[in-house]
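The values are calculated or read from the model by the stated rules, or taken from the named source; none is laboratory data. Small disclaimer: the values here were computed from a predicted structure and weren't measured. Positions of Cβ are generated from backbone atoms using ideal geometry, with glycine treated the same way; all protein chains shown enter the neighbour counts. The area values use the complete protein model at the heavy-atom level, side chains included, leaving out ligands, DNA and RNA. Shrake-Rupley method; radii C 1.70, N 1.55, O 1.52, S 1.80 Å.
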Amino acid sequence: MTQDHALSAADASGRLLMAGLPPGPLLALAIILPLAGLVPLLLLGPRAGERAAIALAGLGLLLAILIALQVGWSGTPALYHLGGWRPPLGIMLRADGISAGMLVTSAAVFFGISLFAATGRDRTNTFPPTFWMLALCVASGLNLAFLAEDLFTLYVALELLTFAAVPLVCLDGKAAQLKAALTYLLFALLGSLLYLLGAVLIYASTGTLDIGLAAQRLVANAPATGIALALMSVGLAAKAALFPLYLWLPPAHAGAPPAASALLSSLVIKAPIFLLLRIWIGLAPAPLAEQAAPVLAVLGTGAILFCGMRALAQSRLKLLIAYSTAAQIGYVFLMLPLVTYSGPLSMPESLAWTGGFLHLAAHAFSKAAMFIAAGVIAEALGHDRISSLGGAAQAVPISVAAFAIGGLSLMGLPPSGGFIAKVMLLTAAIQQGVAWIAVVVLLGGLLARGYVLRVVVSALQRPETDASFVTIPLRRQSMALVLALVAIVLGFIPLQPMDFLLVGRP
Amino acid sequence: MIGWTIFALAGAGLVGLGLYGVIMRENALHRILAFNILGGGIFLVFGFAARRGAGAGFTADPVPQALVITGVVVAFSATALATAIVVRLTAAQAEERDDAPHAKDDG
Amino acid sequence: MSDPANLVTILALLASVFFFVAGSVGLVRMPDTLTRIHSLTKADNIALGFIVVALLPQVGSVADAAKIVAVWVLVQVSSGAVAQLIGEVALAEQAMTPSGLDQPDDGRSADA
Amino acid sequence: MNVAFDAILCVLVVLAAIRVVATTDLRAAVSSFLAYGMLLALVWVRLESVDIALTEVAVGSGLTTIVILRAISRMPLAPSSSTGSSPTRSAQVAVGVMCAMVTLGLSGVLLTLPDPAPSIAPYVAQNMPATALGNPIAGVLMVFRAMDTVLETVVVLLALIGVWAMVPQHRLAEVPGPLAPGRAPEPVVFLARALVPFGLLFGAYQVWAGADVPGGKFQGAAVLASMGLLLMMAGVITAPAATNVRLRALLLVGPILFLAVGVAGWSLAGAFLGYPAGLEKPVIIAVEIASTISIALALVMLVLGPPAGSASS
C-alpha cells in the first residue's frame, strides 16, 4: 500500500546535516540577498537606497558566478534542503547546469541594467526608491524561479515576479501604461491560477510537490497527468507571452521607461519560459513530453514567424523591439523536438540543447542592450518613430552602435551568441533530419534582419534640417554597448555541446 | 469518501464559473471578482486533495491546507494590486480627458 | 445528555427556524429598505437567540457556553449598528427622490 | 444526513458564484460575492479546515469585498474601465460551453485520482514533535515550508510597494483618502467603541493560539487590520502616509525578523530557516507576532489604496 511505503520513506526524512552539500547555502542566499535591499530603500534616503541596490546587484552576480563555478567544477547539481527538511515534506533548492547558467545570465544582465538605471530614469530625474524595490524583488523572484524544485514555491516565485513586474509597466502613471499594466496583470493572474490548478492535480496524483519526486511517481496514462501538465503549460505560456498569447506583451514592454522595459523583456519573461521547459524536461513522463514537444515547437514557430512579421510592420522603435521579444521567445521551443526525454542525449541532441539555452542567454543580453539603446535614442530625438530616426547616429553614436551590435545577435549573424545558438539549432535539426525546424530558424533570421536593419539604416540617415537633439552623457550611453558586447562575446564559445549545461540533466 | 467528492465537483464548478466571468465580464472590477471565484474553486480542489489525504491522526493532509492559506493571502494581494491599477486608470483617464487639447506625443 | 436538555434544544431550534423564515419572508415581501431592515434584524436576532438557547444545553463546559453567548452579543452589537447605518443611507436616498430634491442633502445627520 | 447538508451547501456556494458572474450589476455582484465567501467558509469547516475557514472569512471574502467596494465608491458613477466591446449572445454561448467543458473535464479528472490518496500527513505527523507546535498547519507554514511563508509576507509588502509605485512621487506623502466622506455616522462611532477592544483581543488571541489550535498570523492580522479600518472610519485615528518612517519600519519588521531568524539558523540550527533546538516555539511565536504587525499594516494600507486625490482631484 502507498501508506506503508510513505511511512518507510519517512524514516529517511527529517533533519539532514548539510555537511555533504557545500554550495547549498549559496542557493538560499541568492534568493534572499536582493530582499535585504528593501531595508535601506524603505528607511534611508533615495541615494543611499540606490547605492545599496546596485551593490546588491553586484553581489548577486558574484554569488551566481560562485554557484556556477561550484556546479561546473563538481559536475553535479548543487542541492539545498531549506530548514534541513527533505522533500516531500520540505522544500529543496537545486542548481543544475541550466539553472546555474540562467542564474549567471540574469544576474549579469540585472547588474548591467542597474548600472544604466543609476544614470537616471531620464535626463533630469532619478528613479524613485519604489523602482529599485520592484527591481530587487524581480531579482529575487528570478533566482527563486531558477532554483526552486517545489511546484508551489515556484508559484510563489511567479507571483513575486508578477507583482514586481506589473507596477514597472506603469511607473509614469499614464492611462495607456496603466491599461497595459492591467491587461498584463489579468493575463498573468490567469496564468498563475492555471499553473496552480495543474500543480494541485500533480500533488493529488503523487503526494508531492517536488519536481524530482513527482516525476518518478507520475503515471503517463492517468488522465490527471496530462491535464495537469496542459494546464500548467497554458498558464506559463500566458505568462511567457508565447504565441498566440502574446497580445499583452508589446504595449506593456514598450510603454515602460527603458530600464524597466529591459528588465521585463530580457529577464522577467525568462522565468515562465524556463519553467515551461522544466515542466516538460524534468517533470513530464517521457511519452507525454515526446507528444508535447512538436506542439510547443509549432507554437514557437508561430511566434518566430508571426510576431517577426508584426515587428517588421511597426512604426515605433520600442514596439518593434517588444514584438521582436515575442518572436525570439520561439527559438528555445524549437529545441524540444530535437532532444530525447529518456536516457542521455546523443551528440546532435546535446547540440540542440546547448543551442536552445544559449539562445535564452544571448537574447537576454542583446534585448536588454537594444531596449536601453532605444530608450536613449528616443530621449535624444524626442520621439521613437522609426521613419525619422535620421541623425541618431551622430547624436548618440554609442547607442546606435549598441543597438546594431545587439541586433547582430537577434539576426543570427557572426560573431554573436545568437549566431552560435541558431547555428547549433540548425545543425541539430539538419543532422536529425527535421527539415522544417531548420527552415524556421533561417526564416526567423531573415525576418530579424529585416526589422533590425530597417532601424539601423534609418538611424544612419542624415538628420532632418530642423531637427534638434538632446545631448546624452557618455555614461548613460555606454551601458547598452557593454551588454551588447557580452552578447557578441558569447559568440566565441566553441560550436559544440557545453558539458556545463548538461550537468544534472534528468 | 463519497461525501467529499461533492466538494470536488463544487470546486470544478467554481473554476468554470470563474473562467466564464474572467472572459465575459467587461468591467475590470467585476473581472477581479471572477478571478477570486476561479481561485476559490482551485483552493477547493486543494481542500479535496487534503481531505482525501487524511491519515496519521489528521482529519486532513495539513500540507495542502497550509498552501491554501498562502494562496488566499496571495490572491488578496493580487486583488488589491489590480484594484489599485483600476482606480489609478480611471483617474488618469479622467485627467487626460481634461488635458486632451494639449496632448503631447511620445512613445 | 439528558432528555429534557434535548427537548429544550429541539423546541428552541424549531422556534428559531420559525423566526428565520419570518425574517426572510419579510425581507422579500416588505415594500422598502427601511421596513425590510426592520423585519430582518428583529426576526433574525430573535432567531439567533433561540439557536444560542438551543446550543447551551448541548455544550460540555462553561467556557464553551460563554463563547457561544459572546458570539451572540457580538452579532447583536454589529447587526444593530449596521442596520442603523443602512437605515440612514436609505433615508438619505429617500431625501434624494424627486419629491425631496429641494431639501438640503444632509442625510448623514438625519436620525434613523 | 451530512451528505445532504454538504450537497445543499455546495449548491448554495455555486448559486452564489453564478450570481456573481451572471449579473452585469457590479454592486449586486459584490454583495453576492460576500455571501459566496461566507458559504465557502462553511465548506472549509466541513472539509475539516478551520484555519482556512478563518482565512477565507477574514481575507478571502471580508477584506476583498472591502477593497472592491472602496474602489467602486472612488470611481465616477459609470465605471469606464471596461475593456472590449459588449459580448454577443453567440459569444456568451460559446464561452459558456467552453467553461462547462472545463468544469466537466476537471470533475472527471478529480474522480479518477488514485485511491488511497497519496499524502504527506504521515511525514508531518512524524516530524511534528520536532517543531514544538500543536497545530500541524502552523508546523507546515512556519517550519517545514517556512520559505513559502516568508516569501508570502514579502509578496504582501510587494503588492503595497506596487501600489505606491504607480502614484506620482510628489503625491506619495499624501494621506490615503478617507474611507467614507464627511463626518463619521453615529453607529460607526459606536461600533468603534464597542467592537474594537474585543476585536483587538480576538486578533491577538488568534496569533497567540495559532501555534497550537486553528488560527495564526494571517487570520489575526486580518482581524486587527479591520479593527484599524473601523477606527479610521470612526475618525478615531487617521491613516498614515506612505512616506511615514514608523509605518515603513513596522512594515519591514515581520519579513526582516523572519529572514534574520532564517539566516541565524545557519549557525544555530545548521540550515537556513532552521530553528535552534529547544527554542523553536518562542522563536516561532516572536516571528509570528512581528509578521502579524507587518501584515496587518500592509493589509490596512492595501485596503486604503493609492493615496488621495485620484478620483476627486
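The table below gives the values:
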quantity: Subset of the range C:52-68 (residues that are under 15 Å from D:PHE202 (Cα atoms), under 20 Å from the mean Cα position of the chain (by Cα) and of a type in the set (A, V, I, L, M, F, W, C)); calculated: C:ILE68
quantity: Checklist (1) away from chain A (no Cβ under 12 Å); (2) within 21 Å of A:LEU194 (Cα to Cα); (3) surrounded by 24 or more Cβ atoms within 10 Å (Cβ to Cβ) applied to D:ALA138, failing item; calculated: (2)
quantity: Qualifying residue in the range D:83-90 (condition: surrounded by fewer than 22 Cβ atoms within 10 Å (Cβ to Cβ) and facing chain A (nearest Cβ under 10 Å)); calculated: yes
quantity: Qualifying helices (runs of 4 or more DSSP H) (wholly inside the range A:423-505; at least 3 residues being of a type outside the set (Val, Ile, Thr) and closer than 30 Å to A:GLY390 by Cα); calculated: A:435-460, A:474-489
quantity: D:GLY199 of a type outside the set (Val, Ile, Thr), part of a helix (DSSP H, G or I), open to solvent by less than 20 Å² (accessible area, probe 1.4 Å) and free of Cβ contacts under 8 Å to residues at least 40 places away in the same chain; calculated: yes
quantity: Conditions (1) within 7 Å of another protein chain (Cβ to nearest Cβ); (2) closer than 21 Å to B:VAL22 by Cβ; (3) surrounded by 22 or more Cβ atoms within 10 Å (Cβ to Cβ): number failed by D:LEU26; calculated: (3)
quantity: Scan of the range D:152-195 for residues that are open to solvent by less than 10 Å² (accessible area, probe 1.4 Å), touching an Asp or Glu at 6+ places or on another chain (Cβ under 8 Å) and either at pLDDT below 85 or not β-branched (Val, Ile, Thr) (or both), ordered by number; calculated: D:PRO187
quantity: Test: D:LEU69 is more than 10 Å from chain B (Cβ to nearest Cβ) and open to solvent by 10 Å² or more (accessible area, probe 1.4 Å); calculated: no
quantity: Residues within the range A:194-212 that are under 20 Å from A:PHE274 (Cβ atoms) and assigned to a helix (DSSP H, G or I), tallied; calculated: 8
quantity: The range D:13-28, residues that are under 14 Å from D:ILE72 (Cβ atoms) and in contact (Cβ under 8 Å) with a residue 12 or more places away in the chain; calculated: D:LEU26, D:ARG27
quantity: Answer residue from the range D:166-186, given it is assigned to a helix (DSSP H, G or I) and out of contact with any Gly (no Cβ under 9 Å at 6 or more places or on another chain) and is nearest to A:ASP150 (Cα to Cα) among those; calculated: D:GLN169
quantity: Some residue of the range A:429-439 being buried (at least 18 other Cβ atoms within 10 Å of the Cβ), closer than 22 Å to A:THR325 by Cα, without any contact (Cβ under 8 Å) to a residue 24 or more places away in the chain and out of contact with any Asp or Glu (no Cβ under 9 Å at 6 or more places or on another chain); calculated: yes
quantity: The one condition in (1) more than 22 Å from the chain's Cα centre (by Cα); (2) at negative phi that A:GLY407 fails to fulfil; calculated: (1)
quantity: Filter pass, D:VAL143 being at the interface with chain A (Cβ under 7 Å from one of its Cβ atoms), surrounded by 18 or more Cβ atoms within 10 Å (Cβ to Cβ) and not in a loop (DSSP other than H, G, I, E, B); calculated: yes
quantity: Residue within the range B:36-57 that is part of a helix (DSSP H, G or I), free of Cβ contacts under 8 Å to residues at least 60 places away in the same chain and closer than 30 Å to A:ASP172 by Cα present; calculated: yes
quantity: Residue within the range D:213-223 that is under 30 Å from C:GLY87 (Cα atoms), touching a residue at least 40 places away in the same chain (Cβ under 8 Å) and open to solvent by 20 Å² or more (accessible area, probe 1.4 Å) present; calculated: yes
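So that you can scan it fast, the table gives a plain yes or no per residue for (1) within 11 Å of another protein chain (Cβ to nearest Cβ); (2) not polar (S, T, N, Q):
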{"position": "D:THR238", "(1), (2)": "no, no"}
{"position": "D:LEU250", "(1), (2)": "yes, yes"}
{"position": "D:VAL263", "(1), (2)": "yes, yes"}
{"position": "D:LEU273", "(1), (2)": "yes, yes"}
{"position": "D:ILE293", "(1), (2)": "no, yes"}
{"position": "D:LEU297", "(1), (2)": "no, yes"}
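Matching residues to (1) within 7 Å of another protein chain (Cβ to nearest Cβ); (2) out of contact with any helix residue (DSSP H, G or I) (no Cβ under 6 Å at 6 or more places or on another chain); (3) buried (at least 24 other Cβ atoms within 10 Å of the Cβ):
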{"site": "B:GLY16", "(1), (2), (3)": "yes, no, yes"}
{"site": "B:ILE23", "(1), (2), (3)": "yes, no, no"}
{"site": "B:VAL45", "(1), (2), (3)": "yes, no, yes"}
{"site": "B:ALA49", "(1), (2), (3)": "yes, no, yes"}
{"site": "B:ARG52", "(1), (2), (3)": "yes, yes, yes"}
{"site": "B:GLY57", "(1), (2), (3)": "yes, no, no"}
{"site": "B:VAL63", "(1), (2), (3)": "yes, no, yes"}
{"site": "B:VAL68", "(1), (2), (3)": "yes, no, yes"}
